[in-house]
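See below for the structure under consideration.
Every number here is computed from the coordinates shown, using simple stated rules; none is lab data. Worth saying up front: this structure is predicted, and the values here are computed from it rather than measured. Heads up, the Cβs are rebuilt from the backbone with ideal geometry, glycines too, and the neighbour counts pull from every protein chain shown.
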Amino acid sequence: MKLFYCNLSLVLATAAGFTIQTGNINKYNSISTALYAGNPNPVFPVQYAPVAASPAISSNTNRRPIVAGNWKLNPATKAEAIELLNGLKAGGVHDSEVVIFPPLPYLSDALTILAGTGINVGAQNAGSNTKGAFTGEIAPSMLASSGCSHVLLGHSERRSLFGESDSSINERVQACLAEASLNVVLCVGETLEEYEIGLLKSVVDTQLRKGLAGVSADDLLMGRVVIAYEPVWAIGTGLVATPNQAQAAHVAIRDTLLSMYTNPEVASKMRIQYGGSVSPDSVKDLMAMPDVDGALVGGASLIPDSFLKIIQGSWN
Ligand code: PEP
């Protein structure tokens, strides 16, 4: 099978069962892997065996896969953005739901170029204020009325670099859902330190309870929220969670939803994406897990060929 990022990929299997893809640096994705520098075999003490969803949550095979591309602060110019968009457009229409999150200045080009492809366009963040003296903020109504269908909220970079707390993320979630045409992709995930001391489930549980506070079961049943499980240690590092690890985390997310909403249908219908160094090589094994419903893709979404292969892999 062709390796992701072609000649730059070097895949190392670790004793811990992880796949580390090193050298997957492309011109946009400056990988901040100081964490792993010089350590090709990090040891992760918490391992996960195959795990199934709680019997209270009916197995639901009708969740349409959803693949999203988070462009982050890339590319640097509008001309490059247009090239990327035309590359995506050439991929035609897809069976999975697809969303891209370009930087704000490119949203209008994205909406124009991708019209008719079925690819949805969303924003990487939104404020919770509706209007007024909030310089630099973007209101959900501005996004909705400009044609955006999705907003990405609670990304780990927003949490760690820009100090967004669970409660401020929750205000944004509620403000976005107040716009009838906006859907939310809410990111949750633990840091490496939290992972290593076995806190994955409790961290994700807290982020969900606080992030979704006040959100109605109806909004969830209508599919207006997608959860993206993104272990922080996997984002931009080339270190992909194993399918079993992703599955275990997604089951934990469904358990929290069941406990929060006491409605098995909410837990069963929720689509949960895995995010963290997803590539064309890893997507199929991840998607083979019963509770993995798609992927949130950073670096690879900036290469049309790779992103299109991931979309394809999410369906086949
Ligand atoms: C992300 O930014 O949400 C992400 C998952 O990035 P990457 O795919 O590059 O790890």
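Numerical summary
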| item | result |
| --- | --- |
| Placed amide H near ILE138: partners under 5 Å, 5+ positions off or other chain | GLY127 |
| Computed label-point distance, nm, for sites LEU192 and SER145 using a 7 Å Cα→Cβ extension | 4.5 nm |
| R0 of 30 Å, Cβ-Cβ distance SER202-ALA56: FRET efficiency to nearest 0.05 | 0.90 |
| Cα-only radius of gyration and Dmax that characterise the range 84-128, units Å | 10.7, 35 |
| GluC sites (Glu not before Pro) restricted to the range 159-202 and DSSP loop, no more than 14 other C-beta within 10 Å | none |
| Stokes-Einstein D for the range 196-316, Kirkwood Rh over Cα pairs, 4 °C, 1.567 mPa s (µm²/s) | 88 µm²/s |
| Convex hull volume per residue in cubic angstrom - Cα atoms of the range 69-206 | 138 Å³ |
| Residues of the range 253-288 with amide N under 20 Å of the 7 Å Cα→Cβ point at SER160 | 273-279 |
| Compactness relative to 2.2 N^0.38 Å, alpha carbon Rg of the range 216-266 | 1.35 |
| Of LYS78/LYS309; LYS131/LYS269; LYS78/LYS269; LYS89/LYS284, pairs whose Cα-Cα distance is over 32 Å | LYS131/LYS269; LYS78/LYS269 |
| Percent RCO, i.e. relative contact order, over the range 234-316, from Cα pairs under 8 Å lying at least 6 residues apart | 33 percent |
| Cβ-derived FRET efficiency at R0 22 Å, THR135 paired with GLU80, nearest 0.05 | 0.20 |
| Translational diffusion coefficient (Stokes-Einstein; Kirkwood radius from C-alpha pairs) of the range 132-185 at 10 °C, 1.306 mPa s, in µm²/s | 136 µm²/s |
| Under-5 Å amide H pairs with VAL184, H placed in peptide plane, nonlocal only | VAL151, VAL225, VAL226 |
| The range 53-104: translational diffusion in µm²/s, Stokes-Einstein, Kirkwood Rh over Cα pairs, 25 °C, 0.890 mPa s | 180 µm²/s |
| Interchain or long-range residues, amide H under 5 Å from ALA295's placed H | ILE66, VAL67, ALA68, TYR274 |
| Label-point separation in nm, ASN263 to TRP315, each point 7 Å along Cα→Cβ | 3.0 nm |
| ³J(HN,Hα), Karplus 6.51/-1.76/1.60, whole Hz, each residue of the range 180-188, x for Gly, Pro | 4, 9, 9, 10, 10, 10, 9, 8, 9 |
